[in-house]
Each structure stands twice: as C-alpha cells, then as structure tokens.
Amino acid sequence: MMMMKSSSRFWVWLPRYSFSRYQCDYASSSSHSEAPPPPVRVGFTEDAGRGVFATREIRTGDLIHTADPFLTHPSLEALGKGFCEIETTMDWSLYHEHCRVKGLKYPLLVKRFACMVISGMASADNLDILQPAIFSHGMSSTWEEEFELLVHNFKNTDIHPGLLTFLTKEWYSGILARIRANVFRIELIGGYHTDLLAAASASISVETTVGSAVYMLPSMYNHDCDPNAHILWIENAKARLKALRNIEPGEELRICYIDASMDYEARQSLLYQGFGFRCQCLRCKYKD
Ligand SMILES: C[S@@+](CC[C@H](N)C(=O)[O-])C[C@H]1O[C@@H](n2cnc3c(N)ncnc32)[C@H](O)[C@@H]1O
C-alpha cells in the first residue's frame, strides 16, 4: 500500500499496484526512456469522493498524462490489447449470443477479465479500487443469468477447478458494478493528430471505431459539466488526458462524461440514469 497526501486535509490509501502497473505516463515530447510521473495526485474532494488534483501548473492544451487500458472490448489489435489465450481457445457462442440478444456490453468485459485472472495476467481483486455503481432492484436477475452462463462455460473445459474459486456471484456483481461506473466509450480517430483541434475536426470527417475500456487513473477523474480536462483517443485505446484551460497547482481536474451542451435537466437525468449519481458541479448547482 502507499499513502498519498490529498489536496486538503485527508489521506488516501491506495494499493501500490493500482496505477503504476497499468502504465500511466506523463507523455512529453522528450525522448528519455523513463517518463516522469504524471503531474497529478489522487485525493478526496468535498462532494464527489476521490478525485484527481494537479500537482503543478498545467497549461491549456498540455498533455497531462496518458494511460493504457486495463480491459478493452472488443479486443481488437487496433485498441492495443490482444486476446489472452484462454479466451481464444474456448467456445463463447452461447455467451456472446446471449449478450447480443440482450444488447449487453459489460458482461463481455467481465468475461475478458475472468479469462485474464484464470490465465494469470491479472488478479481477481485488481478492480476493487474502483468505485462501484449502485444496481437497481430489477438488474440482479439479468446478471445472474450471464453469471451462470459464464461459470458453465469455464466448467465445461479442462481448466483446474482451483483456478475458478474467485468466480462467485459476489465477484461477478462487484466487477459488473465497477465496470458500469468506470467504463469509457472509445471513439478512435483515424490517423495521427497532435492537437485537440485537429483531432476534433478528424472526428467529424473520418470514420471512428468504437469500443469500451476500463482504466485505472482515468477512473479517478470526476465529472464536471464545465470540465477543465478532456480525454481522447487517437489511434488505439491509450487514453490521452489533456488540459482544456490553465490549471493551478492543487486544482481538481475534471472531465465531462456526457454531452455538456445539453440543458440542466437532461444532464442531471442522463448522469443519474447512466452513472448513478446526481451531479454536484458548479453549473448544476446554479441549474445552468
Ligand atoms: C469514475 S468515478 C470517479 C472517481 C470517484 N469519485 C471515486 O472515488 O472513485 C465516478 C463516480 O464519482 C462520483 N462523481 C463524479 N463526478 C461527480 C459529480 N460531478 N458530482 C457528484 N459525484 C460525482 C460519483 O459517485 C460517480 O459514480
């Protein structure tokens, strides 16, 4: 474990593996092989749990840091993550069909994570640090069906039962809840663009590739309807966090999870339905 000093009076305990193992770089243009640590720290906010704070001044347009995904779906090479062997050697047709018919994406990420755990690429508790979403009553029966399908698929193989002990209902629902609260929708922009403007215009003119991914440090960024930071993807699932305006040392960095151009009621409703929280940002406090 490591202890981090937050922006104010609190201390935050974080498992040591949490961010370092999943590659977060402060990607400057320097050619040094060892990138310096990102100019951010995780601390407690007044009203939104943990958040990410600047440790020094960051200027408009600066690349704050990059982050590699922990999980992606689909596992296209274009998204920068290959399949793990166990996943490719099993028959997933029933599970995939179930997800397709029900229009589910998150169980595919849970399945991928389970394969990573079984093959030793990840530990079953790797996502425990992320905040879970709260499930409504009606959702439990849905995921139980997927859970049974997943277990059935693994048990029909010659995988040693000892490797499957983590696969409980509690584990499955916990991972699903964490994925729901922390998943990012990726829209890849074809070609390489070095600034936001170029990337933004490319996203209008070039076809984008869509996928889902879960990250570690980017998951600590809270939402704001008037954000000072932005997350973007250019040619693969490596996330790029960029500053939208000048940021003071100690200031919290926030991104926008939704389309900020919507009105107050629509934003509140979407954030509550989609992410399970009531936005407390300044714009929402003034019902702007
Ligand atoms: C992706 S996580 C962000 C990190 C999170 N605060 C934590 O401690 O792990 C999203 C969760 O943070 C909280 N959150 C983020 N933005 C918020 C906001 N503008 N107002 C209130 N809560 C917010 C909500 O609980 C939400 O479900």
message = Here is a check on your reading of the model: is L241 modelled with pLDDT of 95 or more, within 16 Å of the ligand (Cβ to nearest atom), touching a Ser or Thr at 6+ places or on another chain (Cβ under 9 Å) and not in a loop (DSSP other than H, G, I, E, B)?
response = yes
ask   = What helices (runs of 4 or more DSSP H) completely inside the range 1-103 contain at least 1 residues that are at pLDDT below 50 and not β-branched (V, I, T)?
value = 17-20
remark   = Scanning the range 166-190 for residues that are in a helix (DSSP H, G or I), basic (K, R) and within 14 Å of the ligand (Cβ to nearest atom) gives R178, R180
ask   = Given the conditions (1) modelled with pLDDT under 90; (2) within 13 Å of the ligand (Cβ to nearest atom), and given that I234 satisfies all but one, which numbered condition is not satisfied?
value = (2)
ask   = Which of (1) within 18 Å of I159 (Cα to Cα); (2) touching a strand residue (DSSP E or B) at 6+ places or on another chain (Cβ under 9 Å) is the odd one out, the single condition I118 does not satisfy?
value = (2)
key: Filter result for P132 (at pLDDT 95 or above, crowded, with 16+ Cβ neighbours inside 10 Å and not basic (K, R))   = no
query = Under 6 Å by Cβ, and 6 or more places apart or on different chains, what pairs join a residue from the range 120-143 that is outside the structural domain of G43 (by TED's automatic domain parsing) with one that is modelled with pLDDT of 90 or more and of a type in the set (K, R)?
reply = L127/R178; L130/R178; P132/R178
query = Is there any pair linking a residue in the range 148-162 that is under 18 Å from F113 (Cβ atoms) to one that is part of a loop (DSSP other than H, G, I, E, B) and of a type in the set (A, V, I, L, M), with Cβ under 7 Å and at least six apart or on different chains, and which?
reply = V151/L167; N153/M90; F154/L167; T157/M90
message = Regarding the range 106-119, can at least one residue be identified that is among the hydroxyl-bearing types (S, T, Y) and without any contact (Cβ under 8 Å) to a residue 24 or more places away in the chain?
response = no
The range 263-288, residues that are closer than 27 Å to L63 by Cα and part of a loop (DSSP other than H, G, I, E, B) = C279, Q280, C281
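Within the range 244-262, can you find the residues that are outside any strand (DSSP E or B) and of a type outside the set (G, A, S)? Reasoning before the result, please.
Keep residues of the range 244-262 that are outside any strand (DSSP E or B), which gives 244-246, 248-251, 256-262.
Within the range 244-262, L244, R245, N246, E248, P249, E251, C256, Y257, I258, D259, M262 qualify.
Does L109 satisfy the criteria of being modelled with pLDDT under 90 and closer than 27 Å to R254 by Cα? Give the derivation first.
Working: modelled with pLDDT under 90: no; closer than 27 Å to R254 by Cα: yes.
Taking the combined requirement at face value, the residue does not satisfy it.
Filter the range 39-52 for residues that are surrounded by 14 or more Cβ atoms within 10 Å (Cβ to Cβ) and within 16 Å of the ligand (Cβ to nearest atom) and give the result. Let's see the steps before the verdict.
Step one: list which residues in the range 39-52 are surrounded by 14 or more Cβ atoms within 10 Å (Cβ to Cβ), which gives 39-45, 48, 50-52.
Correct list: V40, R41, V42, G43, F44, T45, A48, R50, G51, V52.
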Positions within the range 216-251 being of a type in the set (S, T, N, Q) and under 17 Å from R59 (Cβ atoms), in sequence order = N228, N246
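The values are calculated or read from the model by the stated rules, or taken from the named source; none is laboratory data. Keep in mind the model is a prediction, meaning the values are calculated, not measured. Ideal geometry is used to build each Cβ from the backbone, glycine not excepted, and the neighbour counts take in all protein chains shown.
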